[in-house]
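A quick write-up on the structure given underneath.
Derivation of every value follows stated rules applied to the coordinates shown; laboratory data play no part. Remember, predicted model here, so these are calculated numbers, not experimental data. In this analysis, Cβ positions are derived from the backbone assuming ideal geometry, glycine residues included, and neighbour counts consider all displayed protein chains.
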Amino acid sequence: MIHLVGISKHYDTDIGRKQVLRETRLSIPTAKRVGVLGRNGAGKTTLLNMIAGVDRPSTGLIIREARMSWPLGYSGGFHGDLTGRENIAFVARLYGVDYDETFERTEEFAEIGPYVDMPVRTYSSGMKSRLAFGLSLAIDFDCYLIDESIGAGDRFFRQKSKKVFLEQSKDRGMLLVSHNEKTVREYCQIGMVLYEGFLVPFDNIDEAIDFYTRKCAP
Amino acid sequence: MTSEAVEKRAKAKAAKGLADVAVLHGDAKPAREARIGKSGTAPRGGKRPRPEKDPELLERLNNIPPDFVPRWTDETLATSGNTPRAIRAFVHSVWTIMLREMMARFGRHDLGYLWAVLEPLIHVLVLSFIFYFIRMRETLGMNPVLFVATGIIPLFFYMKTSSILTNALRQNRPLLNHAGIQPMDIFFARALLEFFTQLLVLLIFAVTIYVALEAYNFGSIFSVVSNLFGLWIFGIGVGLTVSSLLVYAEWLPTMMSGINRFIYITSGVFFTLDRMPPTIAKYASWNPILHFVDGVRGNFSPLMGGSRVDISYGYLWAVGILAIGLIADRALRHKVLDR
């Protein structure tokens with residue numbers, strides 16, 4: 001469960017206050033596949049970041065009662081001066097999982113070969129996100145956070161990563177935010193729509209998509 | 001036009017003028033917000049109802065489906081607070097981040113950890129050169145290298161800690177994506193690592209000087225560490241304050257580098273409080289960092305660190321600044337993370 005205990009979010013900018021999320025009191029199940037729909041700039045990524053812990057809600061409190069992943073394929077957490085191997089060691093230690101097993105599983109998936117002993121700053125962006133993706137697969141999370149899409153790297157690698165991810169996360173929850181109703185329909189069972197700062201929950205993904213297409217269409 | 005009408009118009013003008021003044025004097029923000037708020041909630045395209053009045057939306061929001069019904073209890077809220085579990089998580093996360101930083105410094109292709117020793121070494125060499133040839137008598141019988149080293153390295157406890165904390169959260173923000181890591185873990189890990197790094201540097205210098213240059217009489221390790229600790233928490237306080245206030249003042253680091261240059265000159269790297277003319281000492285002793293620096297140096301030579309050095313005055317400042325830093329961080333952290 002992710003408890004959104006009366007959270008709201010606004011940004012004070014030079015041109016005034018932007019209310020991204022109005023006060024919300026919900027518990028998001030982490031055992032199910034939840035899709036969050038919203039238009040560009042509706043605050044989907046902000047919501048995801050708040051749940052991940054990077055952004056703070058302006059008011060209220062978020063309580064995570066599950067082992068949550070970092071946003072799938074997000075490589076910003078790597079230290080550029082450390083090698084791939086050292087970065088894996090850091091994450092394994094942080095999450096308290098076995099290093100050797102994590103390393104093996106990550107390396108097998110990420111296909112970065114001898115580069116694993118080079119500093120991450122020398123990687124291409126595709127290599128970085130493959131490493132990040134492989135690493136999030138190597139650790140058993142209860143719930144995966146996903147921003148927009150599943151997969152990393154080029155087309156072929158995307159297919160592979162999608163397949164491996166879906167296979168492995170069959171009985172796991174996920175929280176996927178997307179502006180694309182097709183992606184959400186493909187992966188999610190239940191959903192929420194971010195509309196004018198309201199986070200509207202639906203126990204049926206088709207209803208959510210219906211609401212999204214009617215209300216958010218320009 | 002009647003005189004009455006003219007008067008009315010003039011009054012209206014004056015009222016308007018007053019309104020303008022009010023806007024200029026800092027009420028601009030609410031006025032702007034009000035404007036945005038209006039355009040933000042106004043129906044777009046003329047047809048759509050305001051979302052707050054949209055019956056379908058209201059019905060949805062009032063009938064939360066069972067999957068999403070709030071399920072937290074008082075117990076849930078209580079366990080997310082400060083428990084032994086939270087402390088264990090803090091220690092684990094701080095330790096992990098420290099290992100990561102150490103690995104990054106050791107493994108770096110440029111000088112890495114060597115720089116931690118080289119930088120003070122350069123300062124020490126240049127300054128003791130100056131002392132040796134120009135102001136030899138001013139070190140008052142203490143070996144000039146020892147004099148400078150026991151000034152500059154304690155000062156680094158303050159300087160390095162404050163500058164590293166200034167950027168710690170912004171640089172390591174992506175780490176917050178890991179559920180186990182909180183901003184305070186990052187601050188504390190960086191600060192703690194800096195403390196031990198500088199302690200190691202001081203140890204290296206102290207031992208090298210003892211063996212190679214002069215076998216001095218060492219005072220009390222407790223006195224040294226308590227002064228260094230004061231400098232360290234002073235640095236944490238300044239670092240947290242600057243890091244937080246950066247939200248409002250981007251020029252702050254520039255100002256701080258100016259202030260730090262002033263601190264470098266006035267904090268006893270070049271002189272000692274006890275041997276100053278009383279008139280100057282009166283003003284110099286206002287600087288809390290000078291008391292800590294002289295306090296450390298007093299343990300390396302019986303000639304130094306006398307009655308004017310007051311560690312409790314230093315701690316008064318250090319604890320005050322630390323409190324300001326912690327409050328500023330608490331109050332502004334969400335703004336720091338918003339950038």
In percent, how large is the relative contact order of region A:29-121, given Cα pairs closer than 8 Å and 6 or more residues apart? 25 percent
What is the magnitude of the charge dipole of the protein assembly as shown about its Cα centre, with +1 placed on the Cβ of each Lys and Arg, -1 on the Cβ of each Asp and Glu, and no other charges, expressed in debye to the nearest 20? 1740 debye
Two-site label geometry, A:ARG158 and B:MET102: point separation in nm, points 7 Å out along Cα→Cβ: 4.3 nm
Segment B:ILE122-B:ILE204, length gained on full extension (0.36 nm per residue, minus Cα span): 28.1 nm
C-alpha long axis of helix A:205-216 to longest principal axis of chain A, angle in °: 60 degrees
Using 7 Å Cα-to-Cβ label points, what is the A:ARG185/A:LYS32 separation (nm, one decimal)? 1.9 nm
Computed lengthening from B:PHE196 to B:SER223, 0.36 nm per intervening residue step minus Cα-Cα distance: 8.0 nm
Can you tell me the orientation of helix A:99-110 relative to chain A, as the angle in degrees between its alpha-carbon axis and the longest Cα principal axis, to the nearest 10? 80 degrees
Does anyone have the angle between helix A:84-95 and the longest principal axis of chain A? Alpha-carbon axes, 0 to 90°, nearest 10? 50 degrees
Förster-model FRET efficiency, 41 Å R0, A:SER124 and B:GLU59, C-beta, rounded to 0.05: 0.25
In region B:188-279, the chymotrypsin sites (Phe, Trp or Tyr not before Pro) that fall in loop regions by DSSP, at most 11 other Cβ within 10 Å: B:TYR248, B:TRP251
Span from the region B:218-253 Cα centroid across to the region B:72-103 one, whole angstrom: 24 Å
Go through region A:131-171 and name the trypsin sites (Lys or Arg not before Pro) that are in a DSSP coil and have 15 or fewer other Cβ atoms within 10 Å of their Cβ. A:LYS170
In the structure shown, of A:LYS44/B:LYS53; A:LYS18/A:LYS182; A:LYS18/A:LYS215; A:LYS9/A:LYS163; A:LYS170/B:LYS53, the pairs separated by more than 31 angstrom at the C-alpha atoms are A:LYS9/A:LYS163; A:LYS170/B:LYS53
Calculate the radius of gyration of the Cα atoms of the protein assembly as shown to one decimal place, then report Dmax, the largest Cα-Cα distance, as a whole number, both in Å. 29.7, 101
How far, in nm, would the chain grow between B:LYS335 and B:LEU114 when pulled straight, counting 0.36 nm per residue and subtracting the alpha carbon separation? 76.0 nm
In nm, to one decimal, how far is the A:ASP117 label point from the A:ARG214 one, both placed 7 Å along Cα→Cβ? 6.2 nm
